[in-house]
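Here the structure is laid out as structure tokens; the discussion comes afterwards.
Every number in this text was worked out from the coordinates using simple rules, so none of it is lab data. Being a predicted model, the structure only gives us computed values, none of them experimental. When we count neighbours, we look across all protein chains shown, and the Cβ atoms used for this are built from the backbone with ideal geometry, even at glycine.
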Amino acid sequence: MKTLIWKKAIFASTYKIYSESKQIGQLTKHKLSAWSKAEMNGKKFKFHSKGFLNNTSEIYNESDVKIGDIKFTSWKRKAEINLNSKYHYWRYNTLFNTKWLMQNEQIQINSSANTFSGSIETNAEDEISILTGLFVTNHYRENILPIGLAVLAPLFLVIF
């Protein structure tokens with residue numbers, strides 16, 4: 001298995017991916033847009049989030065051909081990913097969402113993270129699997145605040 005490192009600055013919208021201290025890729029979420037762009041080892045991809053609270057996303061290659069999709073669970077802890085007709089399953093491994101796993105019969109990707117950096121251990125040779133795992137992580141991190149507010153706002157109004 002190989003180990004990769006990702007880093008993200010405090011207010012940045014870009015995750016930078018490193019292998020042996022050399023940047024090999026990045027994932028950028030465009031603010032106020034449903035699109036994210038990803039690149040790794042010269043291969044480019046796009047993610048397009050759809051639906052209310054972005055419950056699904058589509059994955060495109062650099063020729064704008066759809067190569068997969070992601071279905072997020074309503075409780076924001078799991079995702080089902082279809083990449084080129086192969087299914088992958090993504091889930092958090094810890095209560096505080098600091099570790100996640102993405103796998104199918106052949107690929108396994110493990111990641112541990114803090115707020116601004118993390119490591120990825122994988123046997124995956126294809127860049128899109130690694131980038132998709134990081135995209136799902138970013139998706140859930142971005143949506144935690146709006147969902148938390150939606151759940152807690154009615155409770156706050158009832159108490160006060």
Which trypsin sites (Lys or Arg not before Pro) in the stretch 62-120 pass both tests, a DSSP loop state and at most 15 other beta-carbon atoms within 10 Å? ARG77
Based on the alpha-carbon set only, what is the convex hull volume of the chain divided per residue, in Å³? 122 Å³
Return the loop-located chymotrypsin sites (Phe, Trp or Tyr not before Pro) in the stretch 2-44 (DSSP other than H, G, I, E, B) with at most 12 other Cβ atoms within 10 Å of their own Cβ; answer none if there are none. PHE11
May I ask which residue of GLN26, SER13, HIS88 lies farthest towards the positive end of the charge dipole of the chain, with charges of +1 (Lys, Arg) and -1 (Asp, Glu) on Cβ and the Cα centre as origin? SER13
Add -39500 (n - 2.57) for each DSSP H run of 4 or more in the chain, then divide by its residues: what number comes out at 222 nm, to the nearest 500 deg cm²/dmol? -7500 deg cm²/dmol
